1. Return the total of residues in the range 84-102 being within 14 Å of residue 145 (Cα to Cα) and of a type in the set (Phe, Trp, Tyr).
2. Restricted to the range 336-353, and to residues that are farther than 12 Å from residue 66 by Cα and among the polar types (S, T, N, Q), which residue is modelled with the lowest pLDDT?
3. Among the numbered criteria (1) out of contact with any Lys or Arg (no Cβ under 7 Å at 6 or more places or on another chain); (2) over 22 Å from residue 303 (Cα atoms), which single criterion is violated by residue 497?
4. Among (1) touching a Lys or Arg at 6+ places or on another chain (Cβ under 9 Å); (2) at pLDDT 95 or above; (3) not in a helix (DSSP H, G or I), there is one condition residue 807 misses while meeting the rest; what is its number?
5. Looking at the range 399-420, which of its residues are small (Gly, Ala, Ser), within 31 Å of the chain's Cα centre (by Cα) and either buried (at least 19 other Cβ atoms within 10 Å of the Cβ) or farther than 16 Å from residue 125 by Cβ (or both)?
6. What are the residue pairs meeting all of these: first residue in the range 89-110, first residue on the phi < 0 side of the Ramachandran plot, second residue among the polar types (S, T, N, Q), Cβ atoms under 6 Å, and 6 or more apart or on different chains?
7. I'd like to check something: does the range 614-623 contain any residue that is aliphatic (A, V, I, L, M), surrounded by 15 or more Cβ atoms within 10 Å (Cβ to Cβ) and in contact with a Pro (Cβ under 9 Å, 6 or more places away or on another chain)?
8. Please give the number of the condition residue 651 fails out of (1) in contact (Cβ under 8 Å) with a residue 40 or more places away in the chain; (2) under 28 Å from the mean Cα position of the chain (by Cα).
Amino acid sequence: MNQSSKRPWGRWVQRTVVALMAVLLLAVLAVWLLIRASLPKLDGDVQLPGVTQALDISRDALGTVVLTGQNRLDVARGLGWVHAQERFFEMDLTRRSAAGELSALFGPKALDRDRQRRVHRLRARLTERFQSLPAQEKALLQAYADGVNAGLQALPVRSWQYLLLRAEPQAWTPVDSLLVISEMYFMLQSGSIEAGLERVLVREQAGDRVYDWLYPRGGVWDAALDGSAVGAAAMPGAGELDLRVGKKKSREMDLATGGQVVLAPPEGCGEAALRAETAAFVRGAGPSTATAASMSELSVIGSNNWAVSGARSVHGGAILADDMHLGLGVPSIWFRAQFQIGSGAQALRAAGVTLPGLPAIVVGSNGHVAWGFTNAYGQWFDWVEVPRDAKLVKHEEVLAVHGGASQTFVVEELDGAPVVATEDQRRFALHWVAHEGEAYSLVLDEMLNARHVSDALSVAQRAGMPHQNLIAADRGGQIGWTIAGRLWSQRGIAQTQGRLATVAEMHHTWLRPDQYPQVLSPAQGQLWTANNRQLGGELADVLGDGGFDLGARAQQIRDRLGERAKHDEASVGAIHLDDEARFMKSWVQRFQALLNAHPDRTQLAQVLAGWNGRADADQIAYRLVRTARLNTLNALWTAWTRPFLGERQDDEKRRIRWRNQFEYSAVQALNEQPPHLLPIDYASWDALLLAQLDAAAKEMSAEGPLAQATWGHQNSSRIQHVMAKAIPALSRWLDMPSAPQSGDTNMPHVAGPAFGQSERLVVSPGREENGWLSMPGGQSGHPLSPFYGAGHEDWVNARPTPLLAGSVQHRITAVAP
């Protein structure tokens with residue numbers, strides 16, 4: 001073939017390639033235009049059904065929304081409109097997760113998850129609850145829902161997530177907002193529920209004395225508000241737990257006692273945690289679990305808050321700080337907002353964070369009172385064994401499935417409590433406060449009108465919401481603490497922890513607000529909570545024990561506050577970022593003494609000698625000791641529980657894991673070194689500890705030289721968008737940049753790769769212009785929005801972001817049609 005005969009073929013190929021490239025570019029352009037068409041509206045006029053007067057909706061450079069209107073319902077409509085424009089997909093995930101309706105969006109891959117949630121029948125329960133709410137609360141929820149639907153309809157194109165999923169968004173209802181509250185119950189309390197049944201099984205198998213030792217109720221790290229202390233439980237003797245019996249007998253006991261527990265509900269989801277699970281639904285994969293010992297400490301869904309009274313501040317005003325610890329994602333779980341309602345002397349201004357799906361400010365300040373929350377770990381549930389002859393009520397539930405046929409399954413209830421767990425031939429029903437209508441209300445919205453700390457405590461004690469430690473501060477310099485959320489009567493902490501309830505005991509009475517524990521104007525002029533045990537004695541029995549955190553965070557916050565006679569916003573806010581590892585110092589000392597007696601491990605001794613005492617990102621020693629500590633606790637827990645729990649303790653998916661208070665049990669044994677509690681794989685207690693140090697060094701060295709295995713390398717942030725988890729190729733456009741982080745779990749600055757401080761608030765009521773509010777992840781869920789990721793860099797670099805909105809960058813005027 002001559003040269004001229006090749007040219008037409010070559011030109012044809014060239015033209016084809018050019019045409020394909022053009023088609024590809026046009027397709028990319030079309031996709032970009034579709035995504036851009038769903039951008040929220042930022043300027044101009046909009047029609048908002050129901051508003052009585054013109055409503056001003058402005059945004060600053062961070063996307064903080066300022067809603068200025070003449071009445072509360074108009075502002076609720078405006079907030080709903082903005083939430084829908086910026087965050088409807090996340091709101092949709094939250095309500096669907098709570099109701100067990102994700103299959104209607106994601107298809108068959110979400111069916112197992114939906115069955116686990118639908119067993120609680122929350123949409124049916126909350127539909128009934130809505131009808132019984134006071135008229136003003138129903139009106140507030142309806143106004144918000146109307147605003148949401150108007151904002152949704154105002155988008156020219158449905159948001160990009162629905163385009164990708166080939167699904168249509170469904171209208172919002174007032175009941176959906178109650179489902180958002182119920183999802184927070186799952187997020188904040190389901191870990192305690194799971195642990196509650198685990199404790200029952202351990203007590204049944206181990207006996208009371210061994211159980212009480214494995215699950216202590218307090219210790220040296222406690223920092224209760226009333227100064228109460230809890231003594232150490234007696235260590236079991238050789239007649240109760242003896243590891244020297246040998247492997248043969250241990251194996252026999254394993255075979256006799258092995259079993260498996262299947263629990264529902266699973267660990268809490270919520271908007272933030274749901275992002276991780278949604279990716280698994282889309283891929284068809286189960287949730288992943290970290291197997292490294294260094295990542296095996298269970299995160300406590302919680303928070304820190306603290307306050308000083310006017311007598312302890314340089315300017316005479318009370319100061320409040322709050323940071324809520326949750327799973328982190330893009331966008332942030334929270335949404336910055338500022339309400340300005342009315343005019344003249346009666347005008348109200350409140351600033352803080354809202355939760356998309358609800359019309360209220362969750363945490364913030366109204367100029368007279370500021371308030372913040374941490375999760376309260378009380379006994380908010382009962383586990384009941386279903387009698388074999390019990391008469392169960394059955395409900396047939398229908399699950400809609402996107403792209404497939406609907407499926408049905410039967411929910412069984414014992415006197416209103418769903419049957420949610422099985423173990424061998426035994427079945428267990430869960431009676432949970434979140435099943436009760438009284439647990440849901442919009443009373444929290446009354447914080448907008450609180451004028452004194454006593455008002456705030458009253459609102460908290462009447463609010464239908466997941467139980468929280470409320471700390472409030474007022475303009476007059478007072479501070480106070482109480483439990484927010486509806487409390488029911490307890491049978492006493494000694495009777496409830498690790499024990500089943502009877503059917504008769506499931507029926508509690510609701511406490512009156514005057515029966516709630518509270519602290520008002522403490523003599524020392526400071527308050528603090530960090531998911532720790534708050535009180536002792538009879539007051540503790542009012543709350544019960546749902547698995548308090550160790551207390552190290554609370555103690556460090558308490559002591560930091562006590563280091564100064566007077567505080568300002570800067571010194572109060574600095575505690576947010578306190579990375580000093582006071583808790584870990586006792587473990588460093590233990591390992592240093594051990595290494596000094598074993599000079600063959602010079603490199604490890606040098607690493608520990610170079611520690612600066614903090615959980616800084618550049619520290620190697622902190623990571624080494626942290627990993628070795630977790631290895632030690634894992635080894636002791638497994639050895640001490642295998643004799644009565646069997647081989648399930650060797651199965652990562654089935655094992656019952658240690659909880660935070662187990663620290664006291666392990667340290668007691670390490671200090672006293674009883675021979676009968678030494679795991680049989682080790683010749684001595686020193687050998688046990690050396691093995692854990694060696695294992696930690698080996699794990700760290702697997703990544704490269706030990707000198708480069710810093711804490712920040714392991715603790716780098718990984719804050720992702722849910723769709724990027726489902727489609728990793730989108731990560732570079734949707735996720736926040738990864739960065740090495742200082743901080744950890746047992747210090748004020750809580751920081752994990754995708755878990756930590758979801759907001760940092762510092763405010764003195766009446767001095768909001770000096771307050772600050774920082775958040776990760778940004779305001780908007782739209783990647784083309786100027787507010788996507790806005791403020792995240794300040795959060796990463798610990799730069800305070802002002803609480804109040806800055807100068808107006810965008811403005812919308814909303815009027816009735």
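1. 1
2. 346
3. In the conditions (1) out of contact with any Lys or Arg (no Cβ under 7 Å at 6 or more places or on another chain); (2) over 22 Å from residue 303 (Cα atoms), residue 497 misses (1) alone.
4. Every listed condition holds for residue 807 apart from (1).
5. The answer is 400, 417.
6. As it stands, the answer is 89/159; 89/161; 98/182; 110/103, since those pairs meet every condition given.
7. yes
8. Result: residue 651 passes all but (1).
The values are calculated or read from the model by the stated rules, or taken from the named source; none is laboratory data. As the structure is a computational prediction, the values presented were derived from the model and not from experiment. Don't worry about glycine lacking a Cβ; one is built from the backbone with ideal geometry, like all the others, and counts go over all protein chains shown.
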